[in-house]
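The values are calculated or read from the model by the stated rules, or taken from the named source; none is laboratory data. All values derive from a computational prediction rather than experimental measurement. Positions of Cβ are generated from backbone atoms using ideal geometry, with glycine treated the same way; all protein chains shown enter the neighbour counts. Protein only, heavy atoms only, side chains kept; ligands, DNA and RNA dropped before computing areas. Shrake-Rupley method; radii C 1.70, N 1.55, O 1.52, S 1.80 Å.
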Amino acid sequence: MPTEVLVMCKQCGRPQQAGAGRCAVCGGELPDAPLPHPVGAASTERFLSAEFPGGRVLAGEGNRLSYRPGPSATPFLLELPGLRRLSLVHRPRYEALALTAAVVVLLPFVSRQGPRVLLGLLALVGLALAFLVRRYTLVLESTGQVETRWELGTVRRGSSQEQRLRSVWRTLADVVHSRGVKVSEPPV
């Protein structure tokens with residue numbers, strides 16, 4: 001039977017279950033504490049630890065994968081034996097095309113040459129942002145066919161951040177594939 005780990009709230013001093021992030025009584029931040037590993041965990045060896053833009057953290061240890069979406073967010077935990085499929089997807093930042101669309105709408109109403117040139121340059125910046133930057137998402141499907149999406153962040157194509165993200169992906173893909181999980185490779 002697993003042992004429950006308790007920590008004391010920094011504000012009100014009441015005991016709380018470890019890993020909750022915030023006190024259920026006063027909402028104060030709880031101190032970190034090591035969580036017990038599930039019964040039957042093969043290893044507690046850390047196989048992955050990566051930080052991404054925006055304070056996102058992806059870590060793998062033993063039979064667990066954890067994702068923290070921000071610097072002060074509570075991490076999400078996933079047991080690897082319950083994972084059925086894993087894929088990494090990326091897409092251009094289509095939101096930047098809204099800038100280009102707004103400029104195209106404004107262009108007919110501007111008669112002077114200087115502002116028209118600036119608007120044209122702004123439209124080109126929107127196009128460049130849309131196709132030179134990618135948003136990466138890790139898609140996990142559990143054995144219950146529940147799909148979870150973890151946003152890894154937005155990086156510039158060909159940058160060192162993108163190379164690092166792909167390196168982290170290869171490590172994660174190799175580990176989960178060796179455990180019998182179906183892995184979908186992203187296109188380049």
Amide proton proximity set for residue 84, modelled H, under 5 Å, gap of 5+: 141, 142, 143
Excluding ligands, DNA and RNA, what is the solvent-accessible area per residue of segment 136-188 at a probe of 1.4 Å, expressed in Å²? 58
For a label point 7 Å from the Cα of residue 157 along Cα→C-beta, name the residues of segment 111-139 whose backbone N is under 13 Å from it. 127-135
Mean Cα-pair separation over length for segment 74-128, i.e. relative contact order, pairs under 8 Å, 6 or more apart, %: 40
Please compute the modelled spin-label separation between residue 183 and residue 167, points set 7 Å along Cα→Cβ, answer in nm with one decimal. 1.7
With the crude spin-label approximation of a point 7 Å out along Cα→Cβ, what separation in nm comes out for residue 84 versus residue 125? 4.6
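Please compute the contact order of segment 120-167 in relative form: average sequence separation of alpha-carbon pairs under 8 Å and at least six residues apart, divided by the residue count, as a percent.
31
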Could you check the spin-label model distance between residue 77 and residue 112? Points 7 Å from the Cα along Cα→Cβ, value in nm. 6.2
